[in-house]
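Engineer: My structure is below; once you've seen it, I'll send some questions.
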Amino acid sequence: MNQERIEKVLQAIDKLGIVTVKQLHEIMQLGTYRNTCRIVNQLSDFLHVDRGQQKIIYLNKVGREFIGSDKEIKKSILFDHLLLTNQAYIYFNCPFDWKREYVIESRIEPDYQFGIQIKGITVSSKTKIISDAVFTRNGYLYLVEIDNTRSMRDNKMKLEKYANMWNDIKKHSQPILYFFTTTKLRKQKLETWVQSHKIRCEVHTFDEIK
């Protein structure tokens, strides 16, 4: 395998943090699934491999140094959440500007006008929300929430926070909120809450996007 192809595969893994081999196959389109497995085996010197219910891969120190990444991933209970976030990434056809754990803050501007600032870090804020992922497409800002372990109380609070910030977000872009959850009952409850707020939102179960 030539260096350029190695770098492309490692960069794809680094972008998401961790991936299953199946997800990598869908994202990279490396031919047959068997060929994807062969490529992963060839890259074993660059990867950590976790063999649970699914074969999960992420960059080791050699892999990070090879592509100049400083994003170290350590095994944690968040792996399931990250893998479900990957499923949303694939569902949206792998947006080029996909960002995870993205901070959106409403703040008091220096001229005392209330506004919204969307970026990774700000100094002072009035209201803040962390989206599980965001990306832009055709002039729209897509806000993505992954619900696999949160309580429904926490989900309701997060929806309410989005609703409170919605008009301010709309001053800078046209937002669309997507909520991905685990069961039909949770989906129905979320849809009921969404209807009580004037926000554009779609709710799906993970089974619907496989």
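The values are calculated or read from the model by the stated rules, or taken from the named source; none is laboratory data. Model, not experiment: these values are computed from the prediction. Positions of Cβ are generated from backbone atoms using ideal geometry, with glycine treated the same way; all protein chains shown enter the neighbour counts. For accessibility, only protein heavy atoms count, side chains too; no ligands or nucleic acids. Shrake-Rupley method; radii C 1.70, N 1.55, O 1.52, S 1.80 Å.
Engineer: Output the residues belonging to the stretch 142-161 that are among the hydrophobic types (A, V, I, L, M, F, W, C) and in contact with a His (Cβ under 8 Å, 6 or more places away or on another chain).
Structural biologist: The answer is I146, L159.
Engineer: Of all residues in the stretch 75-95, count the ones that are free of Cβ contacts under 8 Å to residues at least 24 places away in the same chain and either of a type in the set (A, V, I, L, M, F, W, C) or touching a Phe, Trp or Tyr at 6+ places or on another chain (Cβ under 9 Å) (or both).
Structural biologist: Selection size over the stretch 75-95: 2.
Engineer: Here's another thing I want to ask about it. Could you pull out every one of the strands (runs of 3 or more DSSP E) wholly within the stretch 1-111 that has 1 or more residues that are within 21 Å of D207 (Cα to Cα) and touching a Lys or Arg at 6+ places or on another chain (Cβ under 9 Å)?
Structural biologist: 55-59
Engineer: In the stretch 51-76, which residue that is open to solvent by 100 Å² or more (accessible area, probe 1.4 Å) and modelled with pLDDT under 95 is nearest to E7 (Cα to Cα)?
Structural biologist: It comes out as D70.
Engineer: Something else now. Taking the stretch 1-11, which residues are under 16 Å from N60 (Cβ atoms) and open to solvent by 10 Å² or more (accessible area, probe 1.4 Å)?
Structural biologist: Hits for the stretch 1-11 are I6, E7, Q11.
Engineer: Right, here's the next one. For the stretch 176-210, enumerate the residues that are without any contact (Cβ under 8 Å) to a residue 60 or more places away in the chain, part of a helix (DSSP H, G or I) and closer than 17 Å to D132 by Cα.
Structural biologist: If the condition is that a residue be without any contact (Cβ under 8 Å) to a residue 60 or more places away in the chain, part of a helix (DSSP H, G or I) and closer than 17 Å to D132 by Cα, then L190 is the only one that fits.
Engineer: In addition: Tally the residues that are touching a Phe, Trp or Tyr at 6+ places or on another chain (Cβ under 9 Å) and either free of Cβ contacts under 8 Å to residues at least 24 places away in the same chain or part of a helix (DSSP H, G or I) (or both), restricting the search to the stretch 164-175.
Structural biologist: Count: 2.
Engineer: Which of (1) in contact with a Ser or Thr (Cβ under 9 Å, 6 or more places away or on another chain); (2) at pLDDT 95 or above; (3) surrounded by fewer than 13 Cβ atoms within 10 Å (Cβ to Cβ); (4) not basic (K, R) does F114 not meet, given it meets every other one?
Structural biologist: With (1) in contact with a Ser or Thr (Cβ under 9 Å, 6 or more places away or on another chain); (2) at pLDDT 95 or above; (3) surrounded by fewer than 13 Cβ atoms within 10 Å (Cβ to Cβ); (4) not basic (K, R) applied to F114, the lone miss is (2).
Engineer: Check R200 against each of (1) in contact with a Gly (Cβ under 8 Å, 6 or more places away or on another chain); (2) charged (D, E, K, R); (3) closer than 23 Å to I90 by Cβ and name the one condition it does not meet.
Structural biologist: That leaves (1) as the condition not met.
Engineer: Within the stretch 117-143, track down each residue that is among the small types (G, A, S) and at pLDDT 95 or above.
Structural biologist: S131, A133
Engineer: Return the residues of the stretch 15-47 that are open to solvent by 80 Å² or more (accessible area, probe 1.4 Å) and of a type outside the set (D, E, K, R); say none if nothing qualifies. Steps first, please.
Structural biologist: Keep residues of the stretch 15-47 that are open to solvent by 80 Å² or more (accessible area, probe 1.4 Å), which gives 22, 29, 32-34, 38, 41-42, 45.
Correct list: Q29, T32, Y33, N41, Q42.
Engineer: State which residue pairs qualify: first residue at negative phi and inside the stretch 1-18, second residue surrounded by fewer than 17 Cβ atoms within 10 Å (Cβ to Cβ) and of a type in the set (G, A, S) in any location, beta carbons under 9 Å apart, and separation of 6 or more residues or different chains.
Structural biologist: From the stretch 1-18, the pairs are L10/S69; Q11/S69; D14/S69.
Engineer: Another one. Select, from R51, R34, R38, R64, the only residue that is basic (K, R), out of contact with any strand residue (DSSP E or B) (no Cβ under 9 Å at 6 or more places or on another chain) and in contact (Cβ under 8 Å) with a residue 12 or more places away in the chain.
Structural biologist: R64
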